[in-house]
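Following: one structure in structure tokens, then a few remarks.
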Amino acid sequence: MVSNGYTFIVRYGSRDPSKNLTRAELDSALANGLQVCVVWQEGKTQMLRGYGGGQTDALDADEFVNSLGLYGIPLYFSADWDVQSNEQDEVHAYLDGAASVIGRPRTGIYGGYPAVSKALNAGKATWAWQCFAWSGGNWDERAHLRQVRIDYARCGGTIDDDEAWASDYAQWPRPASGPQEGGMMSASCAIRDGKRYYACIWSDGKVNYKGPDTDGRWWACDATQSPARSGAGITLTDDGTVVIAYTNGAGVVCTYERPPGGSAWAWASLGGDAK
């Protein structure tokens, strides 16, 4: 594949071992300089199973990638049909279910233009792989991958052609640095009662925090977070809750919040299409 100009592959995870990415295939791809992405597909209309289906699939998908040593890799979940407007709520519920297991920063969608765009607009997915089918010639500029051709003979088999439209498109190995092209890294500080609270985007793209309760050390708010595009801003509410805002790789504005005395950060999406 490398000799034919390919730089990455996208392979299945599912409950059907016959179609799944194997350790041997993964090792061969990496040894030959190919990047690897994973899409979970348990039937073309898997997302119509809603929130519970998303949870079940994310649990199995995470176990699958962990078995290959791909710890923390973002996952695309497949909506491989012409999603109708009256089905979009189930798609969003499925993505919510998946995110409740692996975290929103690792949750992605594969599908046509309407499904992908609506999921990104609603902050349901961080990663997007759009196919030309069911897209009517439209492309969402936020999509990290584009499937531009399907089912043609190449490399001794039948394959689809995909294009990467971002430097980070949920591939393995994960990029060493955080922001996508055109992004910025920055830090901010808030002061309350003479105490200083800091937030920044670390070199690996993760939101980090340092405050009076961290013994002078920096801590990642979420070790599984996908790389941020820009940020981070920090403030404290009247009750002392720490709020950190940043923009993820898909251009969605997100926050981490932690109440006084709390140890876990709560993640939330505010939507949007930030640049």
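The values are calculated or read from the model by the stated rules, or taken from the named source; none is laboratory data. It should be emphasised that the depicted structure is a prediction, and the values quoted were computed from it without experimental measurement. FYI the Cβ positions are ideal-geometry reconstructions off the backbone, even for glycines, and counts take in every protein chain you see.
Give me the pairs, please: first residue somewhere in the stretch 2-24 and in the same structural domain as Met47 (by TED's automatic domain parsing) and among the basic types (Lys, Arg), second residue anywhere and surrounded by 10 or more Cβ atoms within 10 Å (Cβ to Cβ) and at pLDDT 95 or above, beta-carbon distance under 6 Å, and either six or more positions apart or on two chains.
Listed by first residue and then by second, the contacts come to Arg11/Leu21; Lys19/Tyr12.
Output yes when any residue across the stretch 3-18 is more than 22 Å from Asp168 (Cα to Cα), at pLDDT 95 or above and buried (at least 18 other Cβ atoms within 10 Å of the Cβ), and no when none is.
Yes; the residues of the stretch 3-18 include at least one that is more than 22 Å from Asp168 (Cα to Cα), at pLDDT 95 or above and buried (at least 18 other Cβ atoms within 10 Å of the Cβ).
Can you tell me which residue in the stretch 248-264 is farthest from the chain's Cα centre (by Cα), limited to those that are under 30 Å from Ser117 (Cβ atoms) and assigned to a strand (DSSP E or B)?
Filtering the stretch 248-264 for residues that are under 30 Å from Ser117 (Cβ atoms) and assigned to a strand (DSSP E or B), the one farthest from the chain's Cα centre (by Cα) comes out as Glu257.
Can you tell me which residue in the stretch 72-87 is modelled with the lowest pLDDT, limited to those that are out of contact with any Phe, Trp or Tyr (no Cβ under 9 Å at 6 or more places or on another chain) and not in a helix (DSSP H, G or I)?
The extreme case among them is Gly72.
If you scan the stretch 77-86, which residues turn out to be surrounded by fewer than 19 Cβ atoms within 10 Å (Cβ to Cβ) and either more than 24 Å from Val10 (Cβ to Cβ) or small (Gly, Ala, Ser) (or both)?
The answer is Gln84, Ser85, Asn86.
Considering only strands (runs of 3 or more DSSP E) fully contained in the stretch 188-247, which possess at least 3 residues that are farther than 26 Å from Asp168 by Cα?
In the stretch 188-247, the matching strands (runs of 3 or more DSSP E) lie at 195-201.
Please work out which one of (1) free of Cβ contacts under 8 Å to residues at least 12 places away in the same chain; (2) out of contact with any strand residue (DSSP E or B) (no Cβ under 7 Å at 6 or more places or on another chain) is the condition Glu90 fails and give its number.
(1)
Can you name the condition, by its number, that Gly69 falls short on among (1) of a type in the set (Gly, Ala, Ser); (2) more than 19 Å from the chain's Cα centre (by Cα); (3) outside any helix (DSSP H, G or I)?
(2)
Just the residues that are outside any strand (DSSP E or B), of a type outside the set (Phe, Trp, Tyr) and at pLDDT 70 or above, please, taken from the stretch 150-168.
Once the filter is applied, which keeps residues that are outside any strand (DSSP E or B), of a type outside the set (Phe, Trp, Tyr) and at pLDDT 70 or above, the stretch 150-168 yields Ala166, Ser167, Asp168.
Quick check: is even one residue across the stretch 103-115 over 20 Å from the mean Cα position of the chain (by Cα), part of a loop (DSSP other than H, G, I, E, B), modelled with pLDDT of 95 or more and outside the structural domain of Ala266 (by TED's automatic domain parsing)?
Checked against the condition, which is being over 20 Å from the mean Cα position of the chain (by Cα), part of a loop (DSSP other than H, G, I, E, B), modelled with pLDDT of 95 or more and outside the structural domain of Ala266 (by TED's automatic domain parsing), the stretch 103-115 yields no hits at all.
Against the definition (hydroxyl-bearing (Ser, Thr, Tyr), at pLDDT 90 or above and surrounded by fewer than 13 Cβ atoms within 10 Å (Cβ to Cβ)), how does Thr241 come out, yes or no?
Here the answer is no, as Thr241 does not meet what is asked.
How do the pairs read when you match residues in the stretch 209-235 that are in contact (Cβ under 8 Å) with a residue 24 or more places away in the chain with residues anywhere that are part of a loop (DSSP other than H, G, I, E, B) and among the acidic types (Asp, Glu), using Cβ under 8 Å and keeping only pairs 6 or more apart or on different chains?
What qualifies is Ser226/Asp168; Pro227/Asp168; Pro227/Asp204.
Of all residues in the stretch 88-121, count the ones that are surrounded by fewer than 24 Cβ atoms within 10 Å (Cβ to Cβ), within 11 Å of Leu75 (Cβ to Cβ) and of a type in the set (Lys, Arg).
Residues that pass the stated criteria total 0.
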